[in-house]
Every structure is written in C-alpha cells, then in structure tokens.
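> I have a structure I would like to understand better, so I am pasting it below and will then ask my questions one at a time.
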Amino acid sequence: MPYSTGYLKQEIRAHFIKNVPSNLKILDAGAGCGTYSNLLKATYPDMDGIEIFPEYVKMFDLKNKYNNLFVENVLDFDITPYDYIILGDIIEHMTVVQAKNFLDKIQSMGKLCLVGVPYNYPQGAEFGNEHETHLQPDLTEEIFLNRYPHMKLLMGNHEYGYFINYPSNV
C-alpha cells in the first residue's frame, strides 16, 4: 500500500536527528504517500523522492513534498548523487535477487540506508498498482538478516522491522 505503518515512526525521526547529519542528500525510494517526507523534510531539507506509480504523484501531492520527484523504477535510477537512501516498505516489492543486488549496490557505493519492512505480509495489487504486490511476503527479522547480511536491525517487533547498514552513531 502507499501508506506505511505508523509503528515507531517518531523513534525513526529521533534516530535520524541523533545519528544522521541534516546536510545529507536523501532519496526516499518508493515515496508512496510521502510518509518519510512528512516525517523528516523539516529537518532534512535536501530530500528527493522516487515513485514508480504515476497515479500516486497526484493522489498524494508528491511534487510538493520533495525537492525533486522522479516517476520511475528505483532499480533503474542513478543513486550516485545521494548520501542516504530510505527504502520504507519497498524491499518486499522486489524479488530477493533484485533486493540483494540493489542493497549490495548501495553498500558498495558507500551510501547510508534505512530499510523498513513488514513481516509475513502477503499482498497483491492495490489501488490498481501491480507494483504493490509483495514478492517477499515471507520476511521476518531472521530471514531479512540472512538474505541481506550487511544490514542490522535498528528496531522493530514481530510485525515490522527497521534495518540500517551503518553504526547507529554515524
């Protein structure tokens, strides 16, 4: 869905403020309804968004939530200009191979990354958007860390997890 869980969002905001410099250039990949812009834009003004589903742009006024908004697939997008990539509720929409390759690319380029994923959550198309289908509906904390070993759990519970690829005192 274009909406992200509200679970631990204020704790994520506090994590950013404590650990992530405010001058970093951030890409919110899979912008959806603009959750991370709404949460962080006031403190992190250099934030762009990318959304694969054009209908969400108008539906959620995404062009007014980001400095730049790109309507394309993040897997084909040049992330070179960005310091930090937010992947909130997007990894589960990729195949394991796509997600592994993309997270490996982020890691090899020295980019900081936050991943938020729901656990054990099958989902098909929503809002007429086939990209909403979960291609990894089996994710749990253990499965996520096994598939993506350079990531570490930041916080979560039995339903949802936030993972980072850097020490939490960056």
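The values are calculated or read from the model by the stated rules, or taken from the named source; none is laboratory data. If you're wondering where the values come from, they're calculated on a predicted model, not measured in any experiment. Ideal geometry is used to build each Cβ from the backbone, glycine not excepted, and the neighbour counts take in all protein chains shown. Note: areas computed on protein heavy atoms with side chains; ligands, DNA, RNA excluded. Shrake-Rupley method; radii C 1.70, N 1.55, O 1.52, S 1.80 Å.
> Considering only H93, H134, H150, give the residue with the highest GNM mean-square fluctuation for the chain, with springs between Cα atoms whenever their separation is below 10 Å.
H150
> Average projected area of the Cα convex hull of the chain, in nm²?
Details: hull surface 34.2 nm².
Over all viewing directions, the chain projects a mean Cα-hull area of 8.6 nm².
> Something else about it: Roughly how many nanometres apart are two label points built 7 Å out from the Cα toward the Cβ at T95 and S22?
About 4.3 nm separates the two model spin labels.
> Would you mind checking the pairs K58/K100; K18/K58; K9/K65; K58/K105; K25/K63 and listing those with alpha carbons more than 28 angstrom apart?
Correct reply: K58/K100; K18/K58; K58/K105.
> Subtract the Cα-Cα distance of R13 and H150 from 0.36 nm times their separation in residues, and report this length gain in nm to one decimal.
Stretched fully, the R13-H150 segment lengthens by 47.1 nm.
> May I pose another question? What's the extension gain from I143 to K58 if we count 0.36 nm per residue and subtract their Cα-Cα distance?
This chain segment gains 27.1 nm when fully extended.
> Here is a further query. With all protein chains present, calculate the accessible area of D78 using a 1.4 Å probe and round the result to the nearest 10 Å².
Accessible area of D78: about 90 Å².
> Something else: If contacts are Cα pairs under 8 angstrom and at least 6 residues apart, what is the relative contact order of the chain in percent?
The normalised contact order for the chain reaches 20 percent.
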